[in-house]
Amino acid sequence: MLSHTLERGVLVITVHEDPGIGGRAALLTQVSDLVQGIRPSSVVIVLDEPAATEAAISVVLRVHRLCSHLDLVTFVATHSAPARRLLDANADTHGIRLVIHARAHTAIATATALTTAA
């Protein structure tokens, strides 16, 4: 369902398929465990086309809240314009802003630059 890499302190998590309603909790647990175990400087979540669903978006929004609590910037990338609009409309605005991109390489480059500048 997902893969991950660590690029210069940036945790890049790619969700490959729709977790469905029943898989949200498992996906949230996997991603949360990665974030808390690796303790990256920032997190990029890439939603592949089949994963740009409401179930996956709800997980991303919960991970964003976790990362904000840990003082980590969260980036998300998806080609799906409707998914980007849902993320933007529902992102928590009380912590660190969720950064949304259409392309994964842009999100990763921005996160890496932010990490390097810090």
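For I96, indicate whether it is in a strand (DSSP E or B) and either within 23 Å of R8 (Cβ to Cβ) or without any contact (Cβ under 8 Å) to a residue 12 or more places away in the chain (or both).
Working: in a strand (DSSP E or B): no; either within 23 Å of R8 (Cβ to Cβ) or without any contact (Cβ under 8 Å) to a residue 12 or more places away in the chain (or both): yes.
Here the answer is no, as I96 does not meet what is asked.
T14 - would you say it is without any contact (Cβ under 8 Å) to a residue 60 or more places away in the chain and closer than 18 Å to R103 by Cα? Write out each step before concluding.
Values: without any contact (Cβ under 8 Å) to a residue 60 or more places away in the chain: no; closer than 18 Å to R103 by Cα: yes.
Here the answer is no, as T14 does not meet what is asked.
Among the residues of the stretch 41-63, how many are open to solvent by 10 Å² or more (accessible area, probe 1.4 Å) and either assigned to a loop (DSSP other than H, G, I, E, B) or in contact with a strand residue (DSSP E or B) (Cβ under 6 Å, 6 or more places away or on another chain) (or both)?
5
Which of the residues that make up the stretch 77-86 are within 13 Å of I57 (Cβ to Cβ) and either part of a loop (DSSP other than H, G, I, E, B) or open to solvent by 60 Å² or more (accessible area, probe 1.4 Å) (or both)?
Answer for the stretch 77-86, where residues must be within 13 Å of I57 (Cβ to Cβ) and either part of a loop (DSSP other than H, G, I, E, B) or open to solvent by 60 Å² or more (accessible area, probe 1.4 Å) (or both): T78, S80, P82, R84, R85, L86.
Of the residues in the stretch 87-118, how many are surrounded by 19 or more Cβ atoms within 10 Å (Cβ to Cβ) and more than 21 Å from E7 (Cβ to Cβ)?
Summing the residues that are surrounded by 19 or more Cβ atoms within 10 Å (Cβ to Cβ) and more than 21 Å from E7 (Cβ to Cβ) in the stretch 87-118 gives 2.
Working carefully through the options L66, L70, find the one that is of a type in the set (A, V, I, L, M, F, W, C), touching a Ser or Thr at 6+ places or on another chain (Cβ under 8 Å) and under 21 Å from V10 (Cα atoms).
Numbers: L70 fails: touching a Ser or Thr at 6+ places or on another chain (Cβ under 8 Å).
Being of a type in the set (A, V, I, L, M, F, W, C), touching a Ser or Thr at 6+ places or on another chain (Cβ under 8 Å) and under 21 Å from V10 (Cα atoms) holds for just one of L66, L70, which is L66.
Taking the stretch 12-23 on its own, how many of its residues are more than 28 Å from T112 (Cα to Cα) and within 14 Å of the chain's Cα centre (by Cα)?
Initially, the stretch 12-23 is screened for residues more than 28 Å from T112 (Cα to Cα), giving 20-23.
If we keep only those that are within 14 Å of the chain's Cα centre (by Cα) as well, we get none.
Matching residues across the stretch 12-23 total 0.
Within the stretch 64-74, can one find any residue that is open to solvent by less than 80 Å² (accessible area, probe 1.4 Å), in contact with a strand residue (DSSP E or B) (Cβ under 9 Å, 6 or more places away or on another chain) and more than 24 Å from T116 (Cβ to Cβ)?
The answer is no, given that none of the residues of the stretch 64-74 is open to solvent by less than 80 Å² (accessible area, probe 1.4 Å), in contact with a strand residue (DSSP E or B) (Cβ under 9 Å, 6 or more places away or on another chain) and more than 24 Å from T116 (Cβ to Cβ).
The values are calculated or read from the model by the stated rules, or taken from the named source; none is laboratory data. This one's a predicted model, so the numbers in the text were calculated from it and none came from an experiment. Reconstructed Cβ throughout: ideal geometry from the backbone, glycine too, with neighbour counts over all protein chains shown. Surface accessibility is based on the protein's heavy atoms, side chains included, excluding ligands, DNA and RNA. Shrake-Rupley method; radii C 1.70, N 1.55, O 1.52, S 1.80 Å.
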